[in-house]
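**Q** This is the structure I want to talk about, given as structure tokens.
Coordinate-derived values only; no laboratory data. Values in this document were obtained by computation on a predicted structure and should not be read as measured data. Counting neighbours? That spans all protein chains shown, and the Cβs are built from the backbone with ideal geometry, glycine included.
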Amino acid sequence: MFMVSLNSCVEIRAFVEWIVPSRGLRRLKSKQKTTKQINMSTITSKSDTEIKNDVLSELKYEPRVKVTDIGVLVKDGTVTLNGFATSYGEKWDAVKAVKRIAGVKAIADDIEVKFPDTLRRDDGDIATAAANLIAWSTTIPKEGVQVTVSQGRITLEGQVEWWYQKAAAEDGVRYLTGVNGVSNRITIKPRVTPTKIEEAIQAAFERRAVLDAKKIEVETSSGKVTLTGTVRNYAEWDEAEQVAWAAPGVSSVHNELTVDSAWY
């Protein structure tokens, strides 16, 4: 026969009252955690109206863009920008702002550049300004880039060793007064022998907080890189391409990533 004292009964009851709520609390926390994980992974899609409102808010938030001069149309996730900008740099910044919006599937840039009379420049002045900018730059090899200007549109040609040098040339001339477009035809010829490019790019993807490396596939062949897979928005699309270009030995990048916010 099993016998317990009154004090033992009290202690056992106290133990039971303590352990049962604790288990219940653990079950509650587990349920809350599961619910939180489900909510985070719930697939949601934005309506065209929601995308348009987000685009307008982002354009208004971007200080380099005058949102009152730009119109926005959205159909099936495709954003069309129209209206006008007072510089090519402003036009480019408007498109870049739209790329940051989740749910945007494609962008049609119909913004027209209209210069005030005070910002008009002839091709000779623009060419001189562009040449001086490249000459004074610490990132652009002066002997590697040639500038041609026709009707306000700059064409960059030549050969450099790194993608960032090509990008720096375009970034610099984009904001010059009187420019209404830029064609970047600079080619890249690395001096570094391409080795383990795929591993280097994948490792860089994994370090980036804004990219999901598991959803991006990298294929390489003799310095040529091809990206496939899925990203959430065009900002990530651009980021992935820039990361790929930064790898030593890369001579070209084919960005075949698909923008799809549904998996987010």
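**Q** Assign unit charges at the C-beta atoms only (+1 for Lys and Arg, -1 for Asp and Glu), then state the dipole size of the range 96-184 relative to its Cα centre in Debye, rounded to the nearest 20.
**A** Values: 11 positive and 12 negative charges, 83 e Å.
Dipole of the range 96-184, to the nearest 20 debye: 400 debye.
**Q** Something else about it: DSSP loop (so not H, G, I, E, B), at most 14 other Cβ within 10 Å: list which trypsin sites (Lys or Arg not before Pro) in the range 83-140 pass both filters.
**A** Loop-located and lightly packed - Lys114, Arg120.
**Q** Shifting gears a bit: Treat every Asp and Glu Cβ in the range 197-259 as -1 and every Lys and Arg Cβ as +1, leave all other atoms uncharged, and give the resulting dipole magnitude about the Cα centre to the nearest 20 debye. Could the numbers behind the result be given before it?
**A** Working: 6 positive and 11 negative charges, 18 e Å.
That gives a dipole near 80 debye.
**Q** In bins 10 Å wide, starting from 0, what share of all Cα pairs of the range 122-264 does each bin hold, as a percent?
**A** In order of increasing distance, the bins hold 12, 35, 29, 20, 4, 0 percent.
**Q** Give me the extension gain from Glu199 to Thr118: residue separation times 0.36 nm, minus the current Cα-Cα distance, reported in nm with one decimal.
**A** Result for the pair: 24.0 nm of gain on full extension.
**Q** For the pairs Lys66/Lys142; Lys91/Lys166; Lys105/Lys224, flag any whose C-alpha to C-alpha distance is greater than 24 Å. Present the calculation step by step, with values, prior to reporting the outcome.
**A** Details: Lys66/Lys142 34 Å; Lys91/Lys166 20 Å; Lys105/Lys224 26 Å.
Cα-Cα > 24 Å for Lys66/Lys142; Lys105/Lys224; rest within.
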